[in-house]
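Right, one structure below, let's go through it.
Each reported figure results from applying straightforward, stated rules to the coordinates on display, with no laboratory input. Just so it is clear, the structure is predicted and the values come from calculations on it, not from any experiment. Reconstructed Cβ throughout: ideal geometry from the backbone, glycine too, with neighbour counts over all protein chains shown.
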Amino acid sequence: MAVTSLNLTNVTKVFPRKGRSAEWRAVENATFSTRPGEFVCILGPSGCGKSTLLNILSGLDEQYEGEASIFGKPVSQQVESGVRVAYIFQEPRLMPWRTVRSNIEFALKTSGFVQSEWAGRIDRVLSLVELSKFADFYPLQLSGGMQQRAAIARAFSIEPEVLLMDEPFSALDELTARRLRQQLLMIWGEFRSTVLFVTHNAFEATFLSDRILMMTRGPAARFCDEVDLSDLQRPRSYEDVRIFETSRNVVQRLIGHIGNLDER
Amino acid sequence: MPTANTAIKTAIVARDREPMLSPAGPVLSALAGGGGNAKATTTPASTTAAFTTAPPRVTSTDLSRFKQSLEIFLTENAITLLSVLSLVGLWYLAATVLPPSIMPAPHVVADILWTQMQTEQIWSDVSITGGRIAAAFSIAMVVSLIVGFAMGISKVAERFLDVWVVCLLTMPSLVMILTIYMIVGLNDRAAVIGAAVPVIPILTINIWQGVKGVDYKLIDMAKAYHATRGQIIRSIIAPQIAPIMVASARFGLGLAWKMVLFVELLGRSDGIGYRIEFYYQMFNMGAVLAHALLFLFIMLFIEVVLLGMLERRLFRWRPTQRRL
């Protein structure tokens, strides 16, 4: 069997009953795996448990059934196994009391890099996201797009084997988001991390990924379809008509699945 | 306003560079045309020439330096100055309307304060009251920190202590102080405890809400990057708690000072609170206000200079121009 970078086997997540609200079966029997260096998008409607899967893979959520592993090791043993996982959230999640540089230093420190390497790594990732001039700015002095670029820089600074991204561009305006998507692909081309990118935007998923995994709407959301995009050549361009056609196709298939659910 | 401000500053820069030339010239030109910048950039050559031919006279430059810093100070603190002046003016207004035995004018009070400050009694009162404030504030701060943190972190503690806090908060501080005097006795220990207890519930609520407001998204971020528990507390939680701590300290100090005065008035025979009560009984409002004024200055110094400086140092990262 080929090496998998990420692997979920029959993962079910149930949020327990709290107060008056009933228990919520977020995800049911989720199974998928990714190859090292693959860019995979999980596409599904809002509230289908996409973020739940990321939280499980990042180790933030430890209450689930089934198996989750990274490079063959269970998520719970990930720290010891030395596999570096970075997480980019919907919001930048930078510490406002630290400069951009110092925010990245935090990630480098927690990931165990020796201090002599910090400056070099920070300079490299900041130049990749074109923020070199803003290294000593505080996050609140930067625009939303720049803050998210700083978060991307932080993620790549630790040279992650796995990068988890939770709708990182959904809070930005479309033009900024376009630029960041292209930048992301460019940086990913240099690092070749495995990327698991969660989105509800079919075009975004088509433009970015090698493979799209579709999820149905919750409760008990599950994977319902898979689209292979390896025939779309890289580097990709927004002008490419084939990407538009493919993304229309993807939307049709997604509507097909969710529509079926509504009739049920 | 800002243009005039920068004009004066550029003028000052220009003046610094050419101490031997006519001192009023650049100021006037800068104020008149705002063209001080151009002038300032062209001066260095002439400055060095002036310095090599004749060294500047020390006394005159010192005097002009003082004038310059005074000018900067006045332009930058115009609003504060205006505020203080209007407050004193209002006091004068009240003094003209009311009889002098009830509301003596500021200069009369200042005069009384000046003569009091020559005596030893007022300083011993200040040190006694100051000591009580320090003790009461420390007790209140420590207890509130522990209780507030417990309530912010633990749901059980929150449920349990909520009732206590609300009860203490609603109970009049007068009743609390009298009860403590009855239990502990009419002594200094009771005075300090009595001043601390009414402050505790208010500070506790402050800290409790602050701890609850810690951004869990940042904690998740730190966990996702495999931060240890210690790293999370030091790098994520502590910096978020710091502003609450400083705000609570400022607030708590102000409250403790009022409570100590109250406690002294009720059951002590020394300290500023007792002295104020004493002069009140003698219908000597001048001395009452003089004592209050002295402590106002002391507390203002601690509050604005010390804690204000700490706050500015700690929170440089905050954008300063956020105004509604």
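Counting beta carbons within 10 Å around each of B:His226, B:His291 and listing the fewest first gives the order B:His226, B:His291.
When B:Leu174, B:Leu161 are sorted by how many other C-beta atoms sit within 10 angstrom of their C-beta, beginning with the fewest, the order is B:Leu174, B:Leu161. Peptides B:150-156, A:165-171, ordered by how many other C-beta atoms sit within 10 Å of their residues on average, highest first, read A:165-171, B:150-156. Inter-chain neighbour count for A:57-63: the average number of beta-carbon atoms from partner chains within 10 Å of each residue's beta-carbon is 2. Residues of segment A:174-201 falling in the label zone of A:Ser132, defined by backbone nitrogen less than 19 Å from a point 7 Å along Cα to beta-carbon, are A:183-184, A:186-188, A:190-191. Nearest 5 percent is fine: what portion of the DSSP beta bridges confined to the protein assembly as shown is antiparallel? If I count the DSSP bridges inside the protein assembly as shown, around 50 percent turn out antiparallel. Between A:Glu159 and B:Val214, the modelled label-to-label distance comes to 3.4 nm, taking each label 7 Å out from Cα in the direction of the beta carbon. Scalar couplings 3J(HN,Hα) for segment A:152-166, obtained by applying the Karplus form with A = 6.51, B = -1.76, C = 1.60 to θ = phi - 60°, are 5, 4, 4, 4, 6, 4, 8, 6, x, 6, 10, 10, 9, 10, 10 Hz; x denotes Gly and Pro. A:Leu94: net charge of surrounding residues, Cβ under 13 Å, Lys/Arg +1, Asp/Glu -1, itself excluded? With Lys, Arg at +1 and Asp, Glu at -1, the neighbours total +3.
Relative to one another, the C-alpha centroids of segment B:79-133 and segment B:203-252 are positioned 41 Å apart.
Residue by residue along A:92-98, Cβ atoms of other protein chains within 10 Å of the local Cβ number 6 on average. In plain terms, the chain from B:Thr228 to B:Leu186 could stretch by 10.1 nm, reckoned as 0.36 nm per residue minus the Cα-Cα distance.
Neighbouring Cβ atoms from other chains, within 10 Å of the Cβ of residues in B:220-232, number 6 on average. Under 12 Å from a label point set 7 Å out along the Cα-to-Cβ vector of B:Val304, the amide N atoms of segment B:68-83 belong to B:77-83. Applying 1/(1 + (r/R0)^6) with r as the Cβ-Cβ distance of A:Val14 and B:Phe66 and R0 = 51 angstrom yields a FRET efficiency of 0.10. Between segment A:30-95 and segment A:191-227, how many Å separate their Cα centres? With segment A:30-95 and segment A:191-227 each reduced to a Cα centre, they are spaced 13 Å.
Scaled against the 2.2 N^0.38 Å expected of a compact globular protein of N residues, the Cα radius of gyration of the protein assembly as shown reads 1.35. Once backbone amide H atoms are built at 1.01 Å from N, A:Gly66 has A:Thr12 as its partners under 5 Å, excluding neighbours fewer than 5 places away on the same chain. Take every pair of alpha-carbon atoms less than 8 Å apart whose residues are at least six positions apart; their mean separation over the length of chain A yields a relative contact order of 26 percent.
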